[in-house]
Amino acid sequence: MRHLLSILDLTIQEIDDLLASAEDILDHPDQYSEACRGKILAALFFEPSTRTRLSFESAMLGLGGKTLGFHDASTSSTRKGESVADTISVVSGYADIIAMRHPKEGAPLVASQHTRVPIINAGDGGHHHPTQTLTDLLTIRRELGHFENLTIGFCGDLKFGRTVHSLMEAMSRYAGVRFILISPKELAVSPVMLEELRKKGIPYVECESLEEHMGELDILYMTRIQGERFASQEEYLRLKDSYVLTPDKLAGAKEKMLVMHPLPRVNEIAPQVDEDPRAAYFREAFYGRYVRMALILKLLKEREGKPVSPDKGRPHYPRNQLPGGVCKNPHCITTTEQGLGQIFFQDEESGEYRCFYCENKAE
């Protein structure tokens, strides 16, 4: 069964096909209004969400289907201590496809091991957010027309920002791409991700100044400092106003540079920037509905004709496991999920062992 847990689950050709499908739906919505009649989407959101949850629900309704689910873990049996595995085992018997957001990294992978239907990762901690990445890619395609030879500035929380991680992985596949990584040292991109960029030969610059490289950028991807990811409220308050984009700071930017943001914003983009034609973040949110419509159609079509059975496949664990390793990531699903062991796989290129669920380096 096909799931979408990471943007790397899709080939470049599949991404191109999905974006083309999304554009066709955007341009001809009436032709798709009955495409999912009789189908049900379960939207399981274990942490708060506005755009992602509502865009999934709107997408399914726009395809003629129906939705069910919850928008807060406190309103589900999670509050009673139910595991992700048990929740998915039950809910996958009630729906045809599941979109799931969870604060713990690797939770969608656990879900994929206990489901009868396709799982879409709608965000897991600071790990992956593939449907936001598809939204970002559609925005770039509609607004700039290409993905090659772009200089992209990522600004803000580059440590916990799952949208940053996913978009960097996606754009790393295209020729001539260069990254400017703008953040306080405490919120810099992880050494693991920087090593991946070096392996792929992708040039990048790390800096702490928003204005320093503004004139070079084709895209400025702003992000919010995520208070919910910090262990210390004091540390969050110290860093939360590190970067605020204002019209004055845009003065040296290219005329056709895009300002993008996965939203919600707090105060990192001044409201006055909204009037600038380069501000694409609300258009970006609009495109998200159509990307998710295309993705739902793709996954349901690939599953077409396969029987719905209460007998699920067994989890597939990696070979070359590391006995005695420890994942010290406090946000990993192994810290809360019942019955999950410490499982590590060996990276084929580096030889390092990483957590099977959150991909954190073994210690």
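The values are calculated or read from the model by the stated rules, or taken from the named source; none is laboratory data. Because the structure is a prediction, the values reported are computed rather than measured. Neighbour counts run over all protein chains shown; Cβ positions are idealised from the backbone, glycine included. When the accessible area is computed, the model is the full protein with side chains, heavy atoms only, and any ligands, DNA or RNA have been set aside. Shrake-Rupley method; radii C 1.70, N 1.55, O 1.52, S 1.80 Å.
Filtering region 198-223 to residues that are surrounded by fewer than 17 Cβ atoms within 10 Å (Cβ to Cβ), touching a residue at least 12 places away in the same chain (Cβ under 8 Å) and in a helix (DSSP H, G or I) leaves 199, 200, 215, 216. In region 52-92, of all residues being small (Gly, Ala, Ser), at pLDDT 95 or above and in a loop (DSSP other than H, G, I, E, B), the one that is farthest from residue 33 (Cα to Cα) corresponds to 92. Residues that are open to solvent by less than 30 Å² (accessible area, probe 1.4 Å) and under 20 Å from residue 361 (Cβ atoms) within region 161-180 comprise 161, 162, 164, 165, 166, 168, 172, listed in sequence order.
Looking only at region 181-194, how many residues end up being closer than 20 Å to residue 349 by Cβ and open to solvent by 20 Å² or more (accessible area, probe 1.4 Å)? Result for region 181-194: 4. Of everything listed in (1) of a type outside the set (D, E, K, R); (2) open to solvent by 20 Å² or more (accessible area, probe 1.4 Å); (3) farther than 14 Å from residue 295 by Cα; (4) touching an Asp or Glu at 6+ places or on another chain (Cβ under 9 Å), the single unmet condition for residue 70 is (4).
What residue, among those in region 93-131 that are part of a helix (DSSP H, G or I) and among the aliphatic types (A, V, I, L, M), is nearest to residue 66 (Cα to Cα)?
So in region 93-131, the residues part of a helix (DSSP H, G or I) come out as 107-112, 130-131.
Still in the list and also among the aliphatic types (A, V, I, L, M): 107, 109-111.
Working: 107: 24, 109: 25, 110: 25, 111: 21 Å.
Checking each candidate, the answer is 111.
Of all residues in region 134-145, none satisfies being modelled with pLDDT of 95 or more, surrounded by fewer than 22 Cβ atoms within 10 Å (Cβ to Cβ) and touching a Gly at 6+ places or on another chain (Cβ under 8 Å). Exactly one residue out of 158, 167, 138 is out of contact with any strand residue (DSSP E or B) (no Cβ under 8 Å at 6 or more places or on another chain) and either over 30 Å from residue 214 (Cα atoms) or not in a strand (DSSP E or B) (or both): that is 138.
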